[in-house]
Each structure stands twice: as structure tokens, then as C-alpha cells.
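Below is one structure, written out as C-alpha cells, with a few remarks after it.
The values are calculated or read from the model by the stated rules, or taken from the named source; none is laboratory data. Fair warning: this is a prediction, and the values are worked out from it, not measured in the lab. Here Cβ is always computed from backbone atoms with ideal geometry, including for glycine, and neighbour counts include all displayed protein chains.
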Amino acid sequence: MASSVSIRFNSFARSAHQFLKQWSPNSTSSSCVLVSSCQHYSTGSPKPKTGILMLNMGGPEKEADVQSFLTRLFLDRDLMQLPAQQVLGPRIAQRRTPKIQEQYSKIGGGSPIKRWTETQGRGMVKLLDQISPETAPHKFYVGFRYVHPLTEEAIEEMESDGIERGVAFTQYPQYSCSTTGSSINAFYRHYAKRGQPSNIVWSCIDRWPTHPGLVQAFVECIQSELVKFPDDVRDEVVILFSAHSLPLKVVNRGDPYPAEVGATVNRVMEALNYSNQYRLVWQSKVGPLPWLGPPTDSAIEGLAAKGKKNILLVPIAFTSDHIETLYELDLEYAEELGEKHNLNIRRAPAMNDSPTFIKAQADLVKSHLQSNRACSKQLLLRCPMCVNNTCGQAKQFFSDQQPLLDTQRQQGEVDKAMGAQATA
């Protein structure tokens, strides 16, 4: 493990009692300046106990934010590795900005992902305060990779709030090194650079592709759109589960993403009793290198050539609307390809403010807190052909939280017992 992180852990290698009692509501940190766009919500307590950091890519809220969003994206070496990336990345971002701005102009001028994440977060912590009072009060934080509020800014907000128990909660149900992995690596790098002891004990929800609540939410979204097809063709509708594609060179290193997306699809179709024909397809390919296939648009055209006229698109790897649902699926595929080939193409709604989905989030966090596990076993396994050393260091960061979690729980049990004796 990197020496900077070793120093961090050594700096609070004191007795468990001292570590847990050191928290002070007045502790502050000035290593990161927080922007005003960091909006977080709690259930009324000025001192939240448990903080849930909702990790995602993010999206520009307005067209003026597109270039900075793209610049951060093309500089992310966890997502892609380019020659002379510090120079080439910003140039690519600048060149692509007008085209992407035009796309955002057609879906209202910006991405709604922050709004939907906040909606989900508010509902989640409200439920958590009810179903998990022992870990309340809860507060959610939004941590994006490429737009404000950035992951690093959200972490500093949690530090300033005096959070005791932090949960890094990926909003990607299926793990990929390019998405959740990138967020976790950014998380690790921030603490390695910060170089200050933290009073937060961290854990991570790093994947949840087959969670029953997630599956049920997808089923409800699919059924709500299937009923809009005419009765006489409903059973003939082909369901295309569309997920963001990955370069094959990433997949061939051992990235678990394709398998986990497939696991979600299988559970959803099982819950639907395999009512319709279906396929898993892949969207959003960029560049000339080979990616996962078949591409969503090619699959639609292939089905049209074989006489299929009714298609339901399901965004199976996204938990809220953003440009890939509102522009790519709705406009490029459902509208343009539908008109070109005389097809009836509909798109299942994204989760957004689905009560079933928000309850699934709350249930997932509650179960995770009760388990007292720092992360899943899968997170600790690096891809067989991994070439990114930061991945191993980030995974070790969460592994090293386990003894702190155990100590925190033991101290909580002691405090609870002492409180019971005092009131007896």
C-alpha cells in the first residue's frame, strides 16, 4: 500500500476507545473548498450520524458546463488512457463540446441526473430514519466524478459535518472499473493526498446487480410501458435491455461489468416469467476500437430487417434519466430509427422517483449497515489483467476499514449496555 495511506492509518492507530470518543462536532477541515452547488439534505438533525455518499458520473446541468464536464472525463485515466492525455484530453473535450451542447439543447439544456439523485437521496434517508433508527440521523451527499459536487467536495462536506459512519454508495448497480472503480479510485486518491486523519469510519456498497428491490423496480418500469402496446401485439414485443458499452480491451482484462449486467437481465426476465423475447444490447460506443456488441442501433435495424415491428428499450444499467436515455434512446433510437424503419419503439421509464426503487436503496443501505462489512468480497479481487496500481490501493483502503468498523460496533454495544444500566 502507498506510504501516504500508511501514514494516514498510522496517524490514528490509537486505542479504540480514544478513536471513537475523539469525534468533535466542531472539527473542521480546510483542505478542499466546497462550492455552493453542493446541496445535501438531512431529516432535520444538525448532527447527522451516518452519511451516505451517492457516487455517480454526473452530468452538466446547463450547456455552459459541457466543456468542463468533458475535460474531466477525458482526463480520467481510470476511464480511458490516451497518449499525452494531459494535453490531448482537453483538446478532445473542446472539439466535442459543440456537438454535445447541441444534444443537451434537445433534452432541455442540461442533464437532470443531479435533480433525480437528490430526489432519490431525500426519499432514501427519510426511510432510513424510520427503518434503521439505530444508525440515525442519516444524511445523503452527492459525489460526481466530472461535475460539481465532485466526490472530493462531498467527502470534505462529510468531514466538516462530523459524520461518524460513512457509506460510499455507488449508483451503478453493476460494477465496472470504468465507473464505480473510477469513483473509488478518486475516493482513495483524495485521502492519500489529504494526508489528515479522519474520524469517519468508511464502508462501500460497490455493486447490487440482483438486489430484489432493484429487480422489482425494473419489472414495474417494464410493465408500465408494455401495457401501452396494443393488446394484439403485446406478447410479440421484443425487449432490448440496453447498457453502456465497454471497450473489449477493458472487458478482456477481467472487468465484471458484462456478467453483472447479464445477471440483472436474467433476474428481471425471471420475475417477468419470460413473458417476451429479449436481448442484451450495448450503446454509447466511442472511437474506432472494438467494443461490446451488438450495438443498440444495429440490433434495432437487424430486428427490423427480420420483420420485428414492436420493440421496448430498457435502460438496464442506469438508475435515472440523463443524456443516454433522453437523447440516445429516445431521440436517436426510438424516434429516428422508429420513423426510418416504420417501427413502434417505446422506452421503459428510468427509476427517477420510483417509490419501489427508493425503498430498495434504503433497504440496501440498512442491510449493508447491519452487515458491518467494509465492502463486498468481489471488490477486493483485482481484475486478472489489471494494469492500474491505484485499483489495488483503493481496494486496500476499504479493506483496512474493517477493523475500525468492528471496533466501532463493539464500542456502540458497550455504550448501549451502559445506557441500559443507567436507566435501570
Exercise for the section: Evaluate the following for residue 416: is it loosely packed, with under 12 Cβ neighbours inside 10 Å and of a type outside the set (Asp, Glu)? Expected result: yes
Exercise for the section: Tell me which of these residue 120 doesn't satisfy, since it passes every other one: (1) buried (at least 18 other Cβ atoms within 10 Å of the Cβ); (2) closer than 18 Å to residue 326 by Cβ; (3) out of contact with any helix residue (DSSP H, G or I) (no Cβ under 8 Å at 6 or more places or on another chain). Expected result: (3)
Exercise for the section: Could you run through segment 270-286 and say how many residues are under 24 Å from the mean Cα position of the chain (by Cα) and within 23 Å of residue 246 (Cα to Cα)? Expected result: 8
Practice task
Among the candidates 105, 132, single out the residue that is hydroxyl-bearing (Ser, Thr, Tyr), more than 28 Å from residue 331 (Cα to Cα) and not assigned by TED's automatic domain parsing to the domain that holds residue 329.
Solution key: 132
Completion exercise
For residue 258, the lone unmet condition from (1) of a type outside the set (Lys, Arg); (2) crowded, with 20+ Cβ neighbours inside 10 Å; (3) within 25 Å of the chain's Cα centre (by Cα) is (2)
Problem - Members of segment 173-200 found to be modelled with pLDDT of 95 or more, outside any loop (DSSP other than H, G, I, E, B) and closer than 23 Å to residue 370 by Cβ, listed by number - result: 180, 184
Fill in the blank from the handout: Looking across segment 203-220 at residues that are among the aliphatic types (A, V, I, L, M) and assigned to a helix (DSSP H, G or I), the single one that is nearest to residue 391 (Cα to Cα) is 214
Exercise for the section: Kindly list the number of the only condition in (1) at pLDDT 95 or above; (2) surrounded by fewer than 22 Cβ atoms within 10 Å (Cβ to Cβ); (3) not small (Gly, Ala, Ser) that fails for residue 209. Expected result: (2)
Exercise for the section: Report yes if some residue within segment 323-341 is modelled with pLDDT of 95 or more and in a loop (DSSP other than H, G, I, E, B); otherwise report no. Expected result: no
Practice task
Might you let me know whether segment 347-369 holds any residue that is more than 23 Å from the chain's Cα centre (by Cα) and either more than 22 Å from residue 123 (Cα to Cα) or of a type in the set (Asp, Glu) (or both)?
Solution key: no
Fill in the blank from the handout: For segment 235-280, the count of residues that are among the charged types (D, E, K, R), part of a helix (DSSP H, G or I) and touching a strand residue (DSSP E or B) at 6+ places or on another chain (Cβ under 8 Å) equals 1
Problem - Which numbered condition residue 376 fails, given (1) crowded, with 16+ Cβ neighbours inside 10 Å; (2) out of contact with any helix residue (DSSP H, G or I) (no Cβ under 9 Å at 6 or more places or on another chain); (3) part of a helix (DSSP H, G or I) - result: (3)
Fill in the blank from the handout: If we ask which residues in segment 286-307 are in a loop (DSSP other than H, G, I, E, B) and modelled with pLDDT of 95 or more, their number turns out to be 6
Exercise for the section: Mind counting the residues in segment 90-106 that are buried (at least 18 other Cβ atoms within 10 Å of the Cβ) and not in a helix (DSSP H, G or I)? Expected result: 0
Practice task
Check segment 141-152 and report whether any residue there is over 21 Å from residue 372 (Cα atoms), aromatic (Phe, Trp, Tyr) and either touching a Gly at 6+ places or on another chain (Cβ under 6 Å) or crowded, with 22+ Cβ neighbours inside 10 Å (or both).
Solution key: yes
Practice task
Exactly one condition in (1) buried (at least 17 other Cβ atoms within 10 Å of the Cβ); (2) outside any helix (DSSP H, G or I); (3) touching a Leu at 6+ places or on another chain (Cβ under 6 Å) is not met by residue 54; state its number.
Solution key: (3)
